[in-house]
Amino acid sequence: MSEQTEQPEQTVPGGSGDSSVTGEERPEARLERAVRAAEQALIEFEIAVETFRVEVENFSRLHHQKLGPMYTRLDELDALIAEAKASRSGDAEDLRRAREARSLVMPMPGVDELFHDWLGSDGISDDASAMLTDRPVRPPERVRPSEEVRRLYRELVRKAHPDLAQDDGERERRDAFIARVNAAYGRGDEGLLRELAEEWAAGPAPEASAPGESGELYARLEWLARRKELLALVAKELEDSAIGSMLRMAPEDPDRLLEEIAEQLLAQVSEREAELAAELAAE
């Protein structure tokens with residue numbers, strides 16, 4: 001019978017020294033999971049808020065481009081109608097109303113305002129050049145980014161969000177990168193988002209986060225909670241704004257909403273023009 005060599009006692013996975021098997025969870029483990037879950041929840045919330053912000057800004061721009069001239073025409077017609085009434089009646093109240101209506105008409109822009117955003121570092125913009133040479137101006141962009149653009153954006157933010165950084169240097173790198181991502185998203189630039197995704201994948205791999213002390217983890221949870229509160233305020237302001245309220249009326253088809261408003265404004269313009277013609281005929 002051969003002698004058995006005595007081996008030193010070792011702790012192996014599944015043995016009595018493994019807290020994951022004995023059920024003795026490391027005190028910080030649950031807190032770490034809560035922090036990671038809160039980080040991901042915050043990132044998803046930020047994605048939603050940024051998406052809505054982009055939609056509100058794009059809708060606001062399109063609203064101004066498509067409907068602004070109609071609102072201006074309505075104001076001008078209201079002023080002309082009020083002035084015609086005042087001219088015919090000579091009544092002091094009618095004269096006051098005419099002055100008030102005229103004050104609401106947008107004045108002609110000055111030279112600086114007229115050329116605002118027309119000139120850049122590369123000279124006159126394409127749109128401005130088109131206007132000055134009677135070439136067609138490119139139509140406004142869609143109200144919202146496409147589904148593919150939204151998908152690419154969400155994936156990039158989840159991977160590169162600055163809140164996932166483990167040190168100041170990494171946060172600065174992520175901040176700069178996400179700023180470029182947000183700019184591409186705001187323009188709905190699918191090609192650039194794909195390039196940025198490739199750039200991030202080819203860059204240095206983010207370091208795995210090391211477990212923190214309980215105090216640091218609690219502080220992190222508190223910061224995440226405060227950050228979400230601030231984002232909630234931003235979201236509320238967007239939702240309560242005039243453009244945000246309009247956008248929420250047709251979340252699935254904001255383009256159609258613009259068309260419906262344009263049709264209503266055109267009808268109002270026709271009514272005002274007929275009223276003006278009647279006032280002028282009565283003089």
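The values are calculated or read from the model by the stated rules, or taken from the named source; none is laboratory data. Remember, it's a predicted structure, so these values are computed and weren't measured experimentally. Glycine also receives a Cβ, built like all others from the backbone with ideal geometry; neighbour counts cover every protein chain displayed. When the accessible area is computed, the model is the full protein with side chains, heavy atoms only, and any ligands, DNA or RNA have been set aside. Shrake-Rupley method; radii C 1.70, N 1.55, O 1.52, S 1.80 Å.
Please find, within segment 36-65, the residue that is most open to solvent (accessible area, probe 1.4 Å) out of those that are over 19 Å from residue 184 (Cβ atoms) and touching a Ser or Thr at 6+ places or on another chain (Cβ under 9 Å).
Filtering segment 36-65 for residues that are over 19 Å from residue 184 (Cβ atoms) and touching a Ser or Thr at 6+ places or on another chain (Cβ under 9 Å), the one most open to solvent (accessible area, probe 1.4 Å) comes out as 36.
Among the residues of segment 227-262, what is the count of those that are in contact (Cβ under 8 Å) with a residue 24 or more places away in the chain and not in a helix (DSSP H, G or I)?
Count: 1.
Would you mind telling me which numbered condition in (1) touching a Phe, Trp or Tyr at 6+ places or on another chain (Cβ under 9 Å); (2) surrounded by 13 or more Cβ atoms within 10 Å (Cβ to Cβ) residue 232 fails?
Checking residue 232 against (1) touching a Phe, Trp or Tyr at 6+ places or on another chain (Cβ under 9 Å); (2) surrounded by 13 or more Cβ atoms within 10 Å (Cβ to Cβ), the one that fails is (2).
Hey, any hits in segment 264-273 for a residue that's open to solvent by 80 Å² or more (accessible area, probe 1.4 Å) and under 24 Å from residue 147 (Cα atoms)?
No, segment 264-273 contains no residue that is open to solvent by 80 Å² or more (accessible area, probe 1.4 Å) and under 24 Å from residue 147 (Cα atoms).
Being in contact with a helix residue (DSSP H, G or I) (Cβ under 7 Å, 6 or more places away or on another chain) and either of a type in the set (Gly, Ala, Ser) or surrounded by 12 or more Cβ atoms within 10 Å (Cβ to Cβ) (or both) is the filter here; which residues of segment 247-263 pass it? Full working, then the answer.
Step one: of segment 247-263, the residues in contact with a helix residue (DSSP H, G or I) (Cβ under 7 Å, 6 or more places away or on another chain) are 247-250, 254, 257-258, 261-262.
Those that are in contact with a helix residue (DSSP H, G or I) (Cβ under 7 Å, 6 or more places away or on another chain) and either of a type in the set (Gly, Ala, Ser) or surrounded by 12 or more Cβ atoms within 10 Å (Cβ to Cβ) (or both): 247, 248, 250, 254, 257, 258, 261, 262.
Search segment 156-176 for residues that are within 17 Å of residue 195 (Cβ to Cβ) and pair each with any residue that is basic (Lys, Arg) when their beta-carbon atoms are under 7 Å apart and the residues are at least 6 apart or on different chains.
160/174
So residue 277 clears everything in (1) surrounded by 11 or more Cβ atoms within 10 Å (Cβ to Cβ); (2) closer than 28 Å to residue 152 by Cβ except one condition, right? Which one?
For residue 277, the exception is condition (2).
Just to be sure before I move on: is residue 241 among the hydroxyl-bearing types (Ser, Thr, Tyr) and farther than 28 Å from residue 38 by Cα in the structure I sent? Talk me through it step by step, then tell me what you get.
Values: among the hydroxyl-bearing types (Ser, Thr, Tyr): yes; farther than 28 Å from residue 38 by Cα: yes.
Yes, satisfied.
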